[in-house]
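Below you'll find the structure, written out as structure tokens, and then a few comments.
Please treat every number below as a calculation from the coordinates, not as lab data. All values reported here derive from a predicted model rather than from experimental measurement. Cβ sites come from the backbone with ideal geometry, for glycine too, and all protein chains shown count toward neighbours.
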Amino acid sequence: MIRVLYAEDDPQVADMVSLTFARLGGSIALEVVNSGRRCLEAMARGGYDVLLLDLMMPDLDGLQVLGELTARRDPTPVIMVSAQGQHELAVRALRAGAVDCIDKNSPDFRQIPEIVQRVHARDKRRMPAATLPAPAEGHRVLFVDPDEVERAAAALFFTTGTPRLRLLAEPAEALDRFRAGDPGCDAVVLGPNLETGAMLDALRHLHARDEVLPVIVISAFDNAETAIAAFKLGAHDVLLRSPGMLTDLVFSLNHALKAADTERLNSRLTQELTELNRSLAAQVAARTEELQQEVIVRREAEERAEGHAARLQALSSRLLRVQEDERRALAQELHDQIGQLLTGLRFQLESAHRAAPSAPLADALALTSDLLRSVRALTLELRPRLLDDLGLGPALEWQSRVFHQQTGIKVDLETSLPPGRLAPELETAVFRIVQEALTNVARHSGATQAVVTLTADEVALQVEVSDRGRGFDPVAARARYDSVGLSGIAERVRLAGGRFDLFSQAGQGTRLHAEFPLGAAATP
């Protein structure tokens with residue numbers, strides 16, 4: 001039997017879920033509580049296999065309950081139950097450790113028993129992680145901020161929602177006290193109202209005294225340079241001040257404290273093992289020296305980074321050229337060797353089939369034809385011969401037709417190119433840029449039509465790809481680490497000496513624009 005605890009303040013929803021589980025005939029035992037605090041009390045007693053947790057409750061919301069369970073090191077899998085309009089909170093819950101999320105208003109909500117059984121089965125197969133248990137008295141967190149209102153709000157939030165994190169709110173003068181001595185806490189939070197210089201200086205001193213001590217910075221502004229500097233100086237996390245900042249701070253503190261406790265445990269065990277076996281001391285010293293040398297080498301490499309920028313750009317350009325040369329060589333090999341062998345094989349099979357018709361020969365002939373078509377398609381995908389033989393315009397016309405056949409998205413291609421050929425590297429760059437941009441249209445826009453425009457004069461070549469799809473936030477998209485497509489397009493444009501612009505807005509489509517100098521204005 002699977003024991004399930006459901007925290008839900010809406011009695012109608014709770015009754016509906018209870019009735020759904022009752023129809024299973026006793027394979028799942030459901031217990032319902034109507035508040036976050038009662039949920040924490042029940043979880044402290046233990047014995048539950050799965051927790052269903054409503055995101056919004058009158059006393060503690062689901063994120064606060066999840067944060068407290070994380071602080072307790074409770075391994076029970078949590079399924080968040082959200083309502084319409086709570087998608088952002090649901091995403092934050094999944095990032096904070098929830099294993100799944102169900103929308104009350106979706107048809108999937110009726111499948112909640114199956115979801116619970118699936119989560120329970122997956123949790124039983126998971127190997128338990130060996131971690132240091134949380135201290136019984138909780139962790140002490142020092143919150144430093146010059147603003148009294150900010151300190152009071154943080155203290156109230158931690159007092160009411162996170163009993164295992166004891167917050168000590170101090171003004172900025174506290175920085176002068178713990179620079180020279182032990183801060184007397186398990187973690188430090190530098191508030192959003194501290195000046196940037198004071199925050200970085202405090203990070204430097206704290207990291208120099210105790211590298212394991214978790215230090216989390218709350219920034220009032222979305223400044224990437226300040227965040228990078230903070231991370232380099234030892235910050236465990238940098239959060240942007242927002243309405244849900246304190247909840248995110250609780251999750252970040254719990255993860256950082258858990259990692260710090262584990263690291264301290266490992267340090268103590270290492271010391272005990274060293275005392276038992278003195279011969280390991282020489283190996284530890286040698287390894288420490290190696291690490292110090294690695295740090296020195298890395299620091300020297302960072303100091304020389306600016307001087308290597310031009311070389312890195314040249315290497316990037318060469319890498320793209322090598323990739324295109326390799327694609328061209330592979331395409332040529334497929335066409336001249338594999339393609340010809342398959343063609344010869346098909347002729348032999350046709351002759352044999354005409355001489356002695358049989359089902360196996362017919363099947364072999366059909367398979368050979370399929371292989372030949374696949375080799376031709378792969379050859380064109382690696383490097384279309386049209387690009388080398390006829391130039392950019394015909395190659396883009398072919399790409400537009402293939403893209404329409406593969407995705408169903410119509411491409412309106414408008415070209416106004418000079419009568420002669422462009423530089424080979426520029427033609428390759430523009431072809432790959434348009435190819436990647438159309439791929440993004442198919443993946444993300446939801447549009448049924450795209451427009452590709454190429455115009456050139458004696459001075460510059462203009463390339464534009466647009467759609468009327470769902471659109472997005474360009475700044476946020478390019479800041480994401482997983483935005484490989486946009487980064488690749490921007491890098492190709494930069495290496496070709498061009499300028500790249502991206503215009504998009506939610507619900508109003510996307511327009512990608514690149515400009516490349518031609519003639520005397522071109523950059524080698």
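Values for this structure:
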read-out: HN-Hα J in Hz across the stretch 408-413 - Karplus 6.51, -1.76, 1.60, θ = phi - 60°, x for Gly and Pro; value: x, 8, 6, 10, 8, 9
read-out: Pair residue 503, residue 231: separation of 7 Å Cα→Cβ label points (nm); value: 3.2
read-out: Fraction of beta bridges assigned by DSSP in the stretch 391-524 that are antiparallel (%, nearest 5); value: 75
read-out: Fully extended contour minus Cα-Cα distance, from residue 103 to residue 491, at 0.36 nm per residue; value: 135.7 nm
read-out: Fully extended contour minus Cα-Cα distance, from residue 518 to residue 176, at 0.36 nm per residue; value: 117.2 nm
read-out: Amide hydrogen neighbours beyond the local backbone of residue 56, cut-off 5 Å, H modeled; value: 62
read-out: Charge dipole magnitude, Cβ of K and R +1, D and E -1 - the stretch 391-524, Cα centre, debye nearest 20; value: 400
read-out: Candidate aspartates and glutamates - alpha carbon under 20 Å from residue 232, same-chain residues fewer than 8 apart omitted; value: 195, 201, 210, 211, 222, 263, 294, 300, 302, 303, 306
read-out: Per-residue ³J(HN,Hα) for the stretch 454-464, Karplus 6.51 cos²θ - 1.76 cosθ + 1.60, θ = phi - 60°, Hz, x for Gly and Pro; value: 10, 10, 9, 10, 6, 9, 8, 10, 9, 10, 9
read-out: Farthest toward positive dipole pole in the stretch 2-125 [+1 Lys/Arg, -1 Asp/Glu at C-beta], among 93, 2, 35; value: 2
read-out: Cα-projected label distance for residue 287 with residue 272, points at 7 Å along beta-carbon direction, nm; value: 1.8
read-out: Reachable aspartates and glutamates, given that their alpha-carbon falls under 20 Å from the alpha-carbon of residue 124 and they are not under 8 places away in the same chain; value: 49, 74, 100, 114
read-out: Projected label distance in nm at residue 211 and residue 117, using a 7 Å step from Cα toward the beta-carbon; value: 5.1
read-out: Phi-based couplings in Hz for the stretch 26-43 (Karplus 6.51, -1.76, 1.60; Gly and Pro marked x); value: x, 6, 10, 9, 10, 10, 10, 10, 10, 7, x, 5, 5, 5, 5, 5, 5, 5
read-out: Peptide ranges 261-270, 467-476 listed from the most packed, as the mean C-beta count within 10 angstrom indicates; value: 467-476, 261-270
read-out: Amide H contacts under 5 Å for residue 240, placed H, 5+ residues apart; value: 219
